[in-house]
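Here is the structure we will look at.
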Amino acid sequence: MNKLKAIILVGLFVLKATAQTNTNELVDNSKKELKYIGMPVGGICAGQVYLGGDGQLWYWDIFNVAMISPGNEGGHRYYENPLTQEQKFENGFGLTVQQGGRVYKKNLNSKGFSDIQFEGEYPVGKVVYNDARLPVSATLNAFTPFIPTDADNSGLPVTVLEYTVTNTDIEDVEVELAGWLQNMSSYWSAEGKKGKHTNKIISTDKFTRLVCESDEKFKDELPDWGTMSLTLVDEGKATANAVKENGSSIYTVNKEEKEASISLGNKLVGSVSGNAILKPGESKTFTFHLSWYFPNIHLWNGAHHWKNKENLRHYYTSKFNSAGDVSDYLLKNNWLLETTKNWNSTWYDSSLPKWFLDRTFVNVSTLATTASVRFNDLKDTPESEGRFYTYEGVYLGEGTCTHVFHYEQAMGRVFPNLSRQLREQTDLGLSFDKSGIIKYRGEFSGLGRHDGRGFAIDGHAGTVMRIYREHLMSSDKTFLKKNWKKIKKSIQVMIAQDKEKTGRADGILEGKQYNTLDRTWYGKITWISGLYAASLKAGAEMAKEMGDKRFANTCKKIAQKSFKNISKELYNGEYFIQKTDPKHPEAPNTNIGCHTDQLLGQYWATQTGLGDILPKEKVKKSLQSIMKYNFVENYGDYLDKAEIPVKRYYADKNEQGIIMCTFPKGGTDKAPGIIKNDWEKLVIGYFSEIWTGQEHQLAATLISEGLVEEAMKVEKAVHDRYAPSKRNPYNEIEYGNHYTRAMSGYAPFVSASGFTYHGPNGIIGFDPKINPENFKSAFIAAEGWGSFSQQISNEKQVCQLQLNYGRLKLKELNLVTNAISIDVVVLLNKKKMNATYSVKNKQLNLKFESIQLKATDILEIIIN
């Protein structure tokens, strides 16, 4: 019979693990790789906790007390010297095995086991423990509830740890799996304070829980006041006591008590453990909830210039009052865990390469780091309640910066409701100027602040594109209708700038153009005017849906001019360039250089199904030129010859990557403009950098244009730079850890499936670009998700759309077919249904009477 106990301990066994050394090179290498791994396994916007490669939890940044310094001036500190696993307080899990009078005690980490394998499938981290000297093996699945389209239930301050122990011997074994946790409530701020840490044990027929808390009087005084709990889901009894000893070995009970206290700032450790007797081949799973509740983000001294800061708490405090509440919520809603596993299976049940699936999804985890915050406004101020805020990277870069964050596709596709909220509360809310300008750093970027550069034109145009994406990822037109006046005004601002010089818009912006390269540029700049062109096409579509025919026509006409004029004036036969403004020799520029972001507008147009903003043949040639001139096999070799030196490094000298801007036809003498200070000297060095996140948007556009091999080369270069032997695979770094521009990493996945979607109109489409003859991948819609598959053989094409969660409104399905004579059969759950179809230029369009798919429904299309 299984037995359960929970303890806060007086004594402990000190265990010295005798890991194998110098006998197995693979084990040594794997242990070396484990030290950098840190998969975020807490809820989105709920703080940050890493799952290490050996299953140890580390880098606990949940206490509203900065755990690391942000980085150096350029933010590259953590690329050159990656964070490694370290423990700043007692926490861990251990296994005790008894068999035939023999007792084995092993920490479930690299100190306890000689053979550990880690497989990260974000949001689920999987660790396997083996040791030839033990009669058991163990596996760990660690995760937090993560459900695409459901930001609230994906934002719980909890890590779920499922340990499964298996008897691999021919005799019975008795096992005990223990978890322990130090009381950290008010611990970091304890100096000079009089009070107590208190641990309590709560036992029911459903769980045993350790609760760690401190005096209520610190509730509004200390940033790290709050509670933590460790809950074991099982039945049994519990006891408690205090411990002061140092060490991180398996805690065992000497004296049992149900409550214990110690003066503030001293160590108090509690433990919860479960027992089982296992027959040969039998397994037992021990499920733990490690939850937290530290509400006072407004007291963190690293907080930025948040509006109404004194009223802000972590968003999870709007739903819970303690760490125990979080665990109780999970106990009542076990479907959250099952649905998380369902998503994990859906994502990885794919024909796409495993490494590609990893790389294109890992940066969604940025939302589960302290780079991302969500607020509970105690006064329920509409502009702040539930509002999302992000730094550029952890602790660095104020204000949900538009010119950084607009590259992202991860949040907008995975959590579309949260993205709509960000657009309304920030970009069209507190950042929106009456002129129509979307200020680029939230509440920090009031016009006249931050050197007067409140208007970042690239971020502004990119935000218009995000607004359009958020409309597409909605289930109806409520978002568009509610915000149309401001959306229209934001596009008119760019049109007005286009007209400034001649009084007539020609589709190319001129004048002052402050941007993500951190200086103000002038002239005719392809990458910025390309973004403008894409936003014009998006504006035309939105205006059309709003019945604003005049504005739709205006946007359409200027977009056509942009298509023509950029091609005519800014294409040099190989790639698109910039024409500088001779009146502003002080301004930096790419001039005749080959800039990786030159097709950033095309990236956005493709991601949102808007088609071509520039001639297709010139786009393809330009992409090939970027690969020719900007992709380097050895970054060090490039830097040895680079005429523009760098001060920041996001690639080692022997690594591959894409240089931001090269100058194969000259122009480096003019590129810096006039440098007045050290900051501007650093900034111009960007041109020679391999820039975080930029490569993902390039890879996405390469795939969309059929240059799949080149795209995979780019993505693999990123993936290899973040190999676990070098640094943390889950932390793409630039100006700080977990740089948010890297959330563009989801874009190549969108391109790989050729996914298009218009939620309000019930339209979905697929055009697989990688192995289309035998293709399968996940998709996410406004209110649900599932998988799309396609098999083509012997002039027969079979496509399946399976919904695994939520619902999907469907009126139209777009596919690509090479069939000459078409006969289409449509089945819903194996029953024939009516549909009309047409084919034009290999595009198969199927229309249905409006249907709504629900979870487990399968729509099958057979094309003969």
Name the GluC sites (Glu not before Pro) in the stretch 112-221 that are in a loop by DSSP and that have at most 16 other C-beta atoms within 10 Å, would you? 171, 191, 221
As straight-line cross-link partners of residue 284, the qualifying aspartates and glutamates (C-alpha separation under 19 Å, not fewer than 8 residues apart within one chain) are 131, 162, 169, 171, 172, 174, 176, 205, 234, 235, 338
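Please tell me which of these pairs span more than 25 angstrom C-alpha to C-alpha: 354/621; 482/840; 477/809; 193/267; 126/716?
Correct reply: 354/621; 482/840.
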Take the Cα atoms of the stretch 819-859, find their three principal axes, and give me the spread along each one in whole Å, biggest first. 33, 18, 15
Computed over the stretch 754-863, the convex hull of the Cα set has an average projected area, in nm², of 6.2 nm²
According to the square roots a ≥ b ≥ c of the eigenvalues of the Cα gyration tensor, what is the shape class of the stretch 257-316, taking rounded for a/c under 1.5, prolate for a/b larger than b/c otherwise, and oblate for the remainder? oblate
Using +1 on the beta carbon of Lys and Arg, -1 on that of Asp and Glu, and nothing else charged, what's the dipole of the chain about the Cα centre, debye to 20? 2380 debye
In this structure, among 796/854; 485/811; 434/486; 439/681, pairs with alpha-carbon gaps over 18 Å are 796/854; 485/811; 439/681
Over the chain, calculate the relative contact order: mean separation of alpha carbon pairs under 8 Å at least 6 apart, over the residue count, as a percent. 12 percent
Can you pull the percent of Cα pairs in the stretch 349-750 with separation above 26 Å? 50 percent
Measure nothing fancy, just the Cα-based angle from helix 25-34's long axis to the longest principal axis of the chain, in degrees from 0 to 90, nearest 10. 70 degrees
Net lengthening on full extension, residue 321/residue 616 (0.36 nm per residue, minus Cα-Cα): 100.6 nm
Taking amide H atoms as placed 1.01 Å from N in the peptide plane, list the residues 5 or more away in sequence, or in a different chain, whose amide H sits under 5 Å from that of residue 349. none
Under 5 Å, built H, 5+ apart or other chain: amide partners of residue 594: 662, 663
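So what is the calculated 222 nm ellipticity per residue for the chain, using -39500 (n - 2.57) for each DSSP H run with n of 4 or more, over all residues, to the nearest 500 deg cm²/dmol?
-7500 deg cm²/dmol
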Cα gyration tensor of the stretch 335-408, axes a ≥ b ≥ c as square roots of the eigenvalues: rounded (a/c below 1.5), prolate (a/b > b/c) or oblate? oblate
Label-point separation in nm, residue 569 to residue 86, each point 7 Å along Cα→Cβ: 5.4 nm
Taking Rh as the Kirkwood radius computed over C-alpha pairs, what is the Stokes-Einstein D of the stretch 281-421 at 25 °C in a medium of viscosity 0.890 mPa s, expressed in µm² per second? 139 µm²/s
Cut-off under 5 Å, modelled amide H: who pairs with residue 689 long-range: 660, 661
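Return a whole-number percent for the relative contact order of the stretch 658-714, with Cα pairs under 8 Å and 6 or more residues apart as the contact set.
40 percent
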Restricting attention to the stretch 779-830, which trypsin sites (Lys or Arg not before Pro) occupy a DSSP loop and are surrounded by at most 11 other Cβ atoms within 10 Å? 830
Using Cβ counts within 10 Å as a stand-in for footprinting exposure, how do 597, 131 rank, fewest first? 131, 597
Ratio of Rg to Rh for the stretch 72-209, alpha carbon only, Kirkwood? 1.03
Counting other beta carbons within 10 Å of each Cβ, put 322, 263, 562 in order, fewest first. 263, 322, 562
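Just so you know, all these numbers are worked out from the coordinates, no wet-lab data involved. All values derive from a computational prediction rather than experimental measurement. Glycine also receives a Cβ, built like all others from the backbone with ideal geometry; neighbour counts cover every protein chain displayed.
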